[in-house]
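Note sheet for the following structure.
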Amino acid sequence: MTQIFIKKFNNLTLLLVLVFIPFFGCSSLDIVPHETDLANEKRSSDGRGRDTEAKSFLELFEGDLFGQNQAIGFNSITFEVALDKLSIMPLMTADKASGIITTDWFSVSDNKNTKVKFNILIKNDDMNDDSIVVNMFKETFNGNTWITADINEETVQKIKQSILEQARTLQAAADLS
């Protein structure tokens, strides 16, 4: 029994040594860039002798991927309103650039045997029914396991309309100021 343990321990030690050699084996080397580093020349000028600013990956491809003068993300009024409406629930994700909000499961204090979860997708800033998707998930506890429960579509529509109405009101106020 101890021989098997020692053999596994030796194999683990050997594996760890082999993994970490590349990280520590080259740490004492002095690496000096060559005088004619073409990559550095490309970064420092635009080929016509002018210096250029460093650009992020997104800035480099923004025109090609999204058309000229179009940025990723939204005006975000609808996103912010949806985020505010769901602020009582624990959030799993809230990504403004993609317009996605995902909550974790949430139970109301007076009914611990029912929990809900929301996924919201803000497609655009048009503030119409097609610009937002609200998905609601509901589960009930039967004593042993959580079981998927039926969703009241009217509740989902009320939440969606509440988000859109408040976003429109805020947009109108912003347009007036």
Odd one out for Thr103 among (1) modelled with pLDDT under 95; (2) assigned by TED's automatic domain parsing to the domain that holds Ile159; (3) of a type outside the set (Lys, Arg): (1)
Can we say Ala149 is within 25 Å of the chain's Cα centre (by Cα) and surrounded by 12 or more Cβ atoms within 10 Å (Cβ to Cβ)? no
Does at least one position in segment 73-96 carry a residue that is among the small types (Gly, Ala, Ser) and touching a residue at least 60 places away in the same chain (Cβ under 8 Å)? yes
How many residues does segment 95-133 hold that are part of a loop (DSSP other than H, G, I, E, B) and over 13 Å from the mean Cα position of the chain (by Cα)? 15
How about segment 152-177: which of its residues are in contact (Cβ under 8 Å) with a residue 60 or more places away in the chain and surrounded by 15 or more Cβ atoms within 10 Å (Cβ to Cβ)? Ile159, Ile163, Leu164, Gln166, Ala167, Leu170, Gln171
Look at Met136 and say whether it is of a type outside the set (Asp, Glu), closer than 10 Å to Thr78 by Cβ, buried (at least 17 other Cβ atoms within 10 Å of the Cβ) and over 19 Å from the mean Cα position of the chain (by Cα). no
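The values are calculated or read from the model by the stated rules, or taken from the named source; none is laboratory data. These figures come from a predicted structure and were not determined experimentally. Cβ atoms come from the backbone with ideal geometry, glycine included; neighbour counts cover every protein chain shown.
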